[in-house]
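S.K.: The structure's right below; bear with me while I get my questions together.
The values are calculated or read from the model by the stated rules, or taken from the named source; none is laboratory data. Quick caveat, the model's predicted, so the values are computed rather than measured. Because the Cβ atoms are built from the backbone with ideal geometry, glycine has one as well, and the counts that use them run over all protein chains shown. Side chains included, ligands, DNA and RNA excluded: accessible areas come from the protein's heavy atoms. Shrake-Rupley method; radii C 1.70, N 1.55, O 1.52, S 1.80 Å.
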Amino acid sequence: MTKVQVSPQGVLDLRTDLDLLFLHQEQPARKVLPGKAGRQLADALARRGFEAEVGKTVAVEVDAGSARRLVIVAGLGKKEKTDARALHAAAAAGMRAARKCKLGTAGVALPAAAGGMRDLESRSRALLEGLLIGSYSFDRYLSRGDQAPPLRRIVVAAGQHAAAVKKSLAPAMALAEGVMLARDLVNEPAGVLDPVSYAARIRRHFRSRGVQVRVFGRSQLEKMKMGALLQVAAGSEVPARVAHLVWRPARPKKRVALVGKGVTFDAGGYNLKTTGHIETMKCDMAGSAAVIGAVHAAARLKLPVEVHGVVGLVENLVSGKAYKPGDILHTRSGKTIEINNTDAEGRLVLADILDYAQTTIKPDVMIDLATLTGACVVALGERCSAVFGSDEVLRKDLLAAAQRAGELMWPLPLIEDYFEQLRSPIADCRNTGSRWGGSITAALFLEQFVGQTPWLHLDIAGPAFSEKEDAFWGEGGTGAGVPTLLAFLAGIGA
Ligand code: BES
Ligand code: MN
Ligand code: ZN
């Protein structure tokens, strides 16, 4: 990760290789830098038709004193619309543009107070988070010469606010680490990250980080009667794993269970996915990755909340041993499920681990995250997660946390009428309903396994993975869910 420092100097006083500045649409560009440099900057932006939209950047050379300086300007959009999301996007886009210059150090100006980002704390948090997260790249499989030389160091020129901005460094770093951990896990190819190597990686990562890790293998999962999860895994040469992580502070205010779908590759099983749908399915463990990233960050910040992470790790493949349409699975809860589509595997994995989490952890709150349905992407698009749950207070809390964290989340209803679609004549239920409202029937299916525990289900199928670099994200895993979970947990701790 790029090293970040905070300095009481102004941005032009720093002797960095380039400067990153922010601009609102209403802001006159010439005032962003003093004197001649400001005029040159304004001219260059006008010539290039730069309109300071969120996520847009432009690089300009200006004269500052005797030297030429390379300046990157990142758009912040309209002042009154400035929120954590806009700041994240602008800072991350600025960082990505700065990295492409292949220089060593960058000075960064503090964006002006505006919109919902008037107070210094939220403004500096969002800036630092965006910068750190924007410094991410997944380059371990590029041969040496192709690797982008990382920006070694950035210095935030915070002037009189330096001390206050410095206070935001630790929480911003914790979040960025959690997001990057989740991204690394999602970006790792399924040939490298399978259920067994994934579990080993979780163990290794949390060694000496104050987080307890238990990993259950096949024979234990059999004893625990996780028949649904085990059947999804049956088609793979690599056996299933369930990992249970615990961050346990001295005097916890609440106990929260985070439950994640960890399908390391979803080929669909015998309802095999086709070209156009299968290519990105290494991302189908993004729910579990978000859980792991959030537990990492919560432990890093020593939040006064007992946080459990439970992840179900399987591969959904085809073979002579794979489960088939028509099979009847026996879940840990005792309920039987008739399979009418082997590609609706995530809910089967979650059925067993939700039941495990609910009955053994007895949490105050349980939240699951999953790349669960394509229908959710149809409903809300590629940037926004769906939030399901019947507890209105809890749902409002989570949506407020998402807003603070700069993530797009939107509530969808648990329409109980549709449960009829999940009835089976020969088992307690089936695993899929009709095409219409597919993310709702998926959520209704999960609801059967949560008992009385206050519960939320986050379908992150849209934002978990970005197929190409755009204004908001680089290509690949995004870490979706981690910022919201951390904001939610910090909210309990506060
Ligand atoms: N992992 C997929 C959902 C998914 C789709 C995630 C696109 C990310 C991007 C899930 O296991 C799946 O295949 N769902 C099916 C459910 C259907 C068979 C009821 C789907 O959405 O098509
Ligand atoms: Mn599937
Ligand atoms: Zn899946």
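S.K.: Residues of the stretch 332-372 being within 16 Å of ligand 2 (Cβ to nearest atom) and hydrophobic (A, V, I, L, M, F, W, C), which ones?
M.R.: Of everything in the stretch 332-372, those that are within 16 Å of ligand 2 (Cβ to nearest atom) and hydrophobic (A, V, I, L, M, F, W, C) turn out to be Ile337, Ile339, Ala344, Leu348, Val349, Leu350, Ala351, Leu369, Ala370, Leu372.
S.K.: Out of everything in the stretch 263-280 that is within 10 Å of ligand 3 (Cβ to nearest atom) and within 28 Å of Met366 (Cβ to Cβ), what residue ends up being surrounded by the most Cβ atoms within 10 Å (Cβ to Cβ)?
M.R.: Here is the first cut: in the stretch 263-280, the residues within 10 Å of ligand 3 (Cβ to nearest atom) are 263, 265-269, 273.
If we keep only those that are within 28 Å of Met366 (Cβ to Cβ) as well, we get 263, 265-266, 268-269.
Values: Val263: 28, Phe265: 22, Asp266: 26, Gly268: 19, Gly269: 26.
Only one residue tops the list, namely Val263.
S.K.: Here's something else I'd like to know. Looking at the structure I just gave you, is Arg183 over 28 Å from Glu407 (Cα atoms) and among the basic types (Lys, Arg)?
M.R.: Working: over 28 Å from Glu407 (Cα atoms): no; among the basic types (Lys, Arg): yes.
For Arg183, the condition - over 28 Å from Glu407 (Cα atoms) and among the basic types (Lys, Arg) - is not met.
S.K.: For the stretch 259-285, which residues satisfy the criterion of being away from ligand 1 (no atom under 11 Å from the Cβ) and closer than 15 Å to Arg347 by Cα?
M.R.: Scanning the stretch 259-285 gives Val259, Gly260, Gly262, Thr264.
S.K.: Which of the residues that make up the stretch 250-262 are more than 16 Å from ligand 3 (Cβ to nearest atom) and aliphatic (A, V, I, L, M)?
M.R.: Start the filter on the stretch 250-262 by keeping residues that are more than 16 Å from ligand 3 (Cβ to nearest atom), which leaves 250-258.
Once the filter is applied, which keeps residues that are more than 16 Å from ligand 3 (Cβ to nearest atom) and aliphatic (A, V, I, L, M), the stretch 250-262 yields Ala250, Val256, Ala257, Leu258.
S.K.: If you don't mind, another one. How about the stretch 335-350: which of its residues are within 14 Å of ligand 3 (Cβ to nearest atom) and either under 13 Å from Val314 (Cβ atoms) or basic (Lys, Arg) (or both)?
M.R.: Thr342, Glu345, Gly346, Arg347, Leu348, Val349, Leu350 - these are the residues of the stretch 335-350 that are within 14 Å of ligand 3 (Cβ to nearest atom) and either under 13 Å from Val314 (Cβ atoms) or basic (Lys, Arg) (or both).
S.K.: May I ask you to list the residues in the stretch 1-23 that are farther than 27 Å from Ser137 by Cα and buried (at least 18 other Cβ atoms within 10 Å of the Cβ)? Steps first, please.
M.R.: So the first thing to find is which residues in the stretch 1-23 are farther than 27 Å from Ser137 by Cα, and the list is 8-10, 12-13.
Within the stretch 1-23, Leu12 is the sole residue that qualifies.
S.K.: Which of the residues spanning the stretch 281-325 are touching a residue at least 40 places away in the same chain (Cβ under 8 Å) and open to solvent by 30 Å² or more (accessible area, probe 1.4 Å)?
M.R.: Once the filter is applied, which keeps residues that are touching a residue at least 40 places away in the same chain (Cβ under 8 Å) and open to solvent by 30 Å² or more (accessible area, probe 1.4 Å), the stretch 281-325 yields Met281, Lys282, Arg300, Leu301, Lys302, Pro304, Leu317, Val318, Ser319, Lys321, Lys324, Pro325.
S.K.: Pairs please, first residue from the stretch 428-440 and closer than 21 Å to Ile328 by Cα, second anywhere and among the charged types (D, E, K, R) and within 15 Å of ligand 2 (Cβ to nearest atom), Cβ atoms under 8 Å, 6+ apart in sequence or on different chains.
M.R.: Final answer for the pair search is Asn431/Arg347.
S.K.: Across the stretch 94-125, which residue is most open to solvent (accessible area, probe 1.4 Å) among those that are out of contact with any helix residue (DSSP H, G or I) (no Cβ under 9 Å at 6 or more places or on another chain) and basic (Lys, Arg)?
M.R.: Arg118
S.K.: Which one of the conditions (1) of a type outside the set (Gly, Ala, Ser); (2) touching a strand residue (DSSP E or B) at 6+ places or on another chain (Cβ under 9 Å); (3) open to solvent by less than 40 Å² (accessible area, probe 1.4 Å) does Glu467 fail to meet, given that it meets all the rest?
M.R.: Exception for Glu467: condition (3).
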